[in-house]
Structures are given as structure tokens and as C-alpha cells.
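> Next up is a structure, given as C-alpha cells.
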Amino acid sequence: MTNEDALWIPSPERIAASAISAFIRDANARHGTDLKDYRDLHAWSILRPDLFWEQVWDLGEVIGERGAVALADADRMPGARFFPEATLNYAENLLRPRDPSGVALIFRGEDKVERQVSFGELSALVSRLQQALRAAGVGVGDRVAATMPNLPETIAIMLAATSLGAIFSSCSPDFGDRGILDRFGQIQPKVYFACDGYWYAGKRVAIGDKLRNVVPHLTETVRTVVVPYLGEAQEVAATLPNGVSLDDFIAPYEAAPLTFERLPFNHPIFILFSSGTTGVPKCIVHGAGGTLLQHIKEHRLHCDLHPGDRLFYFTTCGWMMWNWLVTGLASDLTLCLFDGSPFAPSPSVLFDYAEKERFALFGTSAKYIDSLRKEGLKPAETHDLSVLKALTSTGSPLAPADFAYVYEAIKSDLHLASISGGTDIVSCFVLGDPTAPVYKGEIQAPGLGMAIEVWSDDGKPVEGERGELVCTKPFPSMPVMFWNDADGAKYHAAYFDRFPNVWCHGDFAEWTVHGGIIIHGRSDATLNPQGVRIGTAEIYAQAEQVPEIVEAIAIGQEWDNDVRVVLFVRLKAGVVLDIELEKRIKTQIRVGASPRHVPAKIVAVTDIPRTRSGKITELAVREVVHGRPVKNTEALANPESLELYRDLPQLAD
């Protein structure tokens, strides 16, 4: 293949003006290297991670004491220590001095609420929260948890907690009471914040009853603070143990100069949670310095964002992309927040927002882009997106047809970056390169500083064939630890049991001829008919091109001493899965993928189970089909959908 196959090629002027090109020039000047492009830079970042991460520190003008050593115990994984002599505070870096009248945060709650928060207003709110938390006894290592929409207040709460050296954890308010307790019950926050409710698809959803079930079980919580969104904070707080409204919690305190607890480089700041679809969620602890440096690298270099740019990511507070988004403050970005349905009050709501507030980067999920394509939306014809320079997609692999749709229907001159990483690293393994072409269906490049390889089952690097995505060298945003894992056994088992001293991420992947990568799905969801490994994403990419299919999910059903592929499809309203449609689906998959990908059975269903971050969950469907219990249905946004897959007569022969 050549550049003729590319969907987008950055202009020479754009490449020359990029932050990556400036970073390369700086590296060459500092170290006498002769790096010419991104691939050279990536190779050098793996060869000399100490020099690379020092330069990222300087790029971000990190506030703190760096110390003389950039990396110790570099051969240990886990166990390597980045900047072991450094001290810093995450919140101090996000609240760095700037014009107090400048816009820090812009918020939209569907069509119900519009707000802007200046840097001065944000700092003032953080100051009052900091004083109130300190008075409540919050200090280094304490946990502060929040069940919150993606509001400006959520960011202020996080900044106040981490300014004190406390650890922040969040989930979205659509979680059930069991889902909240499965997470926060494990970490027992000293102070718990929650909203009084939220809006979704135009509907008002109060959560007072849910909070009354949750709070009594948070036995170490000394204060429950209710944040107003529906206007009922006072009333809800009055019904909760140690309850107080946000207004009353901060009322005794006037805004004052902020103080920041500077601590070792990777002191814990966030606890994130695994999806929990195979049991109680794992509590993944992330550190200040690693999170900060990774996000500075990704925002500044991979996304080519500059001070003053407006960064949007459609995310809830229960997804790691929220943490990724908020670190944008450290790069002097204005954050654009949205809470609610991305289709309320209309399918164009996010593009209306993008046009009005002039997003530089529009971040979303692959599923959202696919939904836009199927809706027939063409923002290029209806919206002024002249400022938009990048669109990122994550959560699941972006189908080739959706790559093409972005350039045809959204914007032709746009850096489209499919990105992949996860909660485990609060960042990306593979993502965009704004200086390189974009090819259909491919993630452009391994992340800088990330020693990514694809390995065979016997631990050998492979190219041109599928295998396990691994990282062979340490990186700063590896988890500090798992909570309640004193000997590190759970942490080690999660990533290092498969290949000693090498991070095995659990993705089924393949290098492309362009040096990009394709993620074929999760390794534990990989299908193995007749012993051949097939990624589910390959099937979805073909099946969802059939116009009648809204979405699909595939599993391997144990059958006749082998495994057969079963494809479940959710069809458009009024469509029936007849012989003709089934034949067209199989033909599309056979021609677009291979005969081995063709499902033995196709079954129509009315819903597909997904996690609360929007990812479809093959494992839960597989367990139901085989008559096995699903360990934690609270992790699902729609657990009732599992009943659609139980004891199906179509799968009995």
C-alpha cells in the first residue's frame, strides 16, 4: 500500500508546525541525536526512556522538584521507579497560575443547563472545598469518592481532594446501589459526594432513594455532601447520615490562597475500577506523576493541542476518559463538559455544542460514530467545524466503514485518531500521530515511550499475524497497586502471569504494513472455531455494514467438541430476520472477512448487554448461553437484557 490508500494526509505545513516536530528538534538539540520523524522519535523514546520522560516533564513545565534521577530499576516490571526523588502535586499542576478571567470549564447538560466557569471561579470553589475537606479530617491517603455527573463541581471536588494528598474515585449516578457499593465499599471514603439526581434523554432522574440505600454502608464516611443538579440537595441531604448540601458544606469558608501537599512522584491520586463483569471490580490505583506525564504527552504531542484550545470528550465520571479529560487543565486547555444523552434533544446536539464553543478536539466512542452513520447525520453540511482539528475514538475498535464516514460526513481535513489503552493504565498504548497519514481501520502508531509489540502464544514477536498486545518495558502510568492487594498478587496476576516481566494487556492485535495496529477485540472474547483465533471486532465490522443491523454481538458456543460462532443481531424497527437477510449477513462477513468468520447461527435479539461505559460484553452473553451464572450483573447498564439469551431454542441444534 501507498499513501494513495490514505483517508487523510497532513500537509507539510501542518507537520512542520506540530508539537511533535518541535519536540524532535528539541531532542536533537539537547542530545545530539538525528531524529527525523515520529518513528525515529518513538524508537529513541524506548531506547532512552529517561531522557524522553525528562523532556516530557519540561514540555509540560511540571511544577515540582524533579530530582536528579529519571528512572531507577528500569529492568523491573513491575518495580521500575520513574523520578524516584521527585515531589509534586497533581492539583497544583492543573491549577497553575493563569488569567483568572479566562474560561476553564464549559458545561452542557443536554438542553437543560449551560454554564461557564472561569479559572478564578474554579480556584475559588476548590479553595472553599479544600478548607471544608481539611476541616472534615481529610489528609494524605484518605479517600474521597463521588457519584456525580460530569459537572464542573466534580472537577473541583477532585482538585480539592488531590490538593490535600487524598485519593479521588468516582462513578456516574446511573450506577445501581449495589454497583456503587461494590466500588466504594471496598475503598471506604472519608467524605462521599453525590448529586441529587441527573437528566438523561430529557428525563429527570432523582437518586435520593438510591443514596439512602448506599450511605449507611459507607461505614467510615464522616460526611456525605449532596451536590445540587435538580435543585433538591438540601432535602436529600437531610435524609442521609451525616448529610449536608454542598452549599452548607462550604458556607463557613471564604476563598483563600490554595495550598498543595507535595508528595513523592507517584503518590496515589485516583482509584479506578475494572468493569466488574467477571466479579467484584478491581480497584486500580494510579499515581500523580505517571498520570500527569502520560496525559501531557498525549494531549500535547499525540493530539497536538495548544494552550487555549478547547478539549471535549464525551464521557461519564465512571470512565477513565474523564480523568484523561480533566488533566487537560495542566496544558492550559479549556475543558468542554457534557452530561446526558448524546442524542438529546436531537442527534446533532454534540455538533451544535462543537460549533458554538469551537472545539479543537472532539473525543467520543466508536459506538457513537457508528450510530451517527446509521442516523445519516452529515455535520459537514450543517455545522461550521472549521476550528476542529482532531477527532478521537475509543471504547471499542472503530470499524473501517466508520473511518470513511468521518471523512465523508464530518470533515475531510481532520486528524481522526482511533485510540486504545484503558483503565489499567489511565492512558493509551496505541493512538494517533498527527504527522502521519490515516488509513481505514487502523490505529496509527504505538504511543511514545510505550514499547508495544504483538506476541505469539509462545512469547515471540510477530508481524503480519495476530497475537497478544504486550508492552515490554516500564512506563510511568502503570498502576501504583491494586487496593486491598497487600502482597501484589492480584496486580501481578492481572498483567504479568502470562509473560514474566512483560505487560500483557489482553487485547488481540495485529501490526499493519503501515506500522499501525488493528485491535481485533479482547483476548478473552476471542473466538476459536476449529482452533483458529478470530477477533470479534472483525465480525462486527462486517455485520454492521448491513443496513438492517443496528448492532451485533458474537460469542463462541461450545458445540460438538468444538466451538461454533453465534452472532446475535439487533435489527432496525420493523425488520425481521428472514432467510434472505441471514444470507446477506453471512455473505457480507464471508466476503469482507473470511469464510472462517461466518457464524454458524444468527439470532435476532431486541437488546445487547453493555457495561456502564458503553462497551458490549461478550463474556456475560457467553455465560448465559452456556447456563452459567454471570458474576456481577451490577456492572451492566441493562442487566435485564441477559434474559434474552437464556435457553434459546435456536441454539439447541
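The values are calculated or read from the model by the stated rules, or taken from the named source; none is laboratory data. Just so it is clear, the structure is predicted and the values come from calculations on it, not from any experiment. All Cβ positions, glycine included, derive from the backbone under ideal geometry; neighbour counts span all protein chains shown. With ligands, DNA and RNA removed, areas are computed over all heavy atoms of the protein, side chains included. Shrake-Rupley method; radii C 1.70, N 1.55, O 1.52, S 1.80 Å.
> Evaluate segment 589-603: report whether one residue or more is at pLDDT 90 or above and touching a Phe, Trp or Tyr at 6+ places or on another chain (Cβ under 7 Å).
yes
> Find the strands (runs of 3 or more DSSP E) located wholly in segment 224-325 whose residues include 1 or more that are open to solvent by less than 10 Å² (accessible area, probe 1.4 Å) and more than 23 Å from Gly185 (Cα to Cα), and list them.
310-313
> Could we say that Val563 is part of a helix (DSSP H, G or I), surrounded by fewer than 21 Cβ atoms within 10 Å (Cβ to Cβ) and modelled with pLDDT under 90 here?
So Val563 fails the test.
> Mind telling me which of the residues Val126, Val113, Val138, Val144 ends up being surrounded by fewer than 20 Cβ atoms within 10 Å (Cβ to Cβ) and of a type outside the set (Gly, Ala, Ser)?
Testing whether each residue is surrounded by fewer than 20 Cβ atoms within 10 Å (Cβ to Cβ) and of a type outside the set (Gly, Ala, Ser) leaves just Val113.
> Can I ask one more? Counting only residues that are β-branched (Val, Ile, Thr) and assigned to a helix (DSSP H, G or I), which one in segment 326-340 is nearest to Phe175 (Cα to Cα)?
The qualifying residue nearest to Phe175 (Cα to Cα) is Val326.
> Please enumerate the residues belonging to segment 21-66 that are farther than 16 Å from Leu301 by Cβ, among the aliphatic types (A, V, I, L, M) and assigned to a loop (DSSP other than H, G, I, E, B).
Ile63
> Now, a different point. What pairs come up if the first residue lies in segment 148-175 and is assigned to a loop (DSSP other than H, G, I, E, B), the second is basic (Lys, Arg), and their beta carbons are under 7 Å apart, counting only those six or more places apart or on different chains?
Final answer for the pair search is Leu164/Arg134; Ala166/Arg143; Ser172/Arg612; Asp174/Arg612; Phe175/Arg612.
> Out of everything in segment 566-577 that is more than 13 Å from Lys601 (Cα to Cα) and part of a strand (DSSP E or B), what residue ends up being most open to solvent (accessible area, probe 1.4 Å)?
Arg570
> Arg590 versus (1) without any contact (Cβ under 8 Å) to a residue 60 or more places away in the chain; (2) within 22 Å of Pro397 (Cα to Cα); (3) touching a helix residue (DSSP H, G or I) at 6+ places or on another chain (Cβ under 9 Å); (4) open to solvent by less than 60 Å² (accessible area, probe 1.4 Å): which is the lone unmet condition?
Just one mismatch for Arg590, condition (4).
> Starting from segment 40-68, keep only residues that are under 19 Å from Asn89 (Cα atoms) and among the β-branched types (Val, Ile, Thr), then list their pairs with residues that are open to solvent by less than 20 Å² (accessible area, probe 1.4 Å) and in a strand (DSSP E or B) whose Cβ atoms are within a distance under 8 Å, requiring at least 6 positions of separation or different chains.
Short answer, once both residue conditions are applied: Val62/Leu88; Ile63/Leu88.
> Here's something else I'd like to know. Identify, from the list Pro629, Pro599, the residue that is surrounded by 15 or more Cβ atoms within 10 Å (Cβ to Cβ), part of a loop (DSSP other than H, G, I, E, B) and more than 24 Å from the chain's Cα centre (by Cα).
Exactly one of Pro629, Pro599 is surrounded by 15 or more Cβ atoms within 10 Å (Cβ to Cβ), part of a loop (DSSP other than H, G, I, E, B) and more than 24 Å from the chain's Cα centre (by Cα), namely Pro599.
> Give segment 71-108 a look and list any residue that's over 30 Å from Glu357 (Cβ atoms), surrounded by 16 or more Cβ atoms within 10 Å (Cβ to Cβ) and in contact with a strand residue (DSSP E or B) (Cβ under 7 Å, 6 or more places away or on another chain), or say none.
Hits for segment 71-108 are Leu71, Met77, Ala80, Arg81, Phe82, Pro84, Ala86, Thr87, Leu88.
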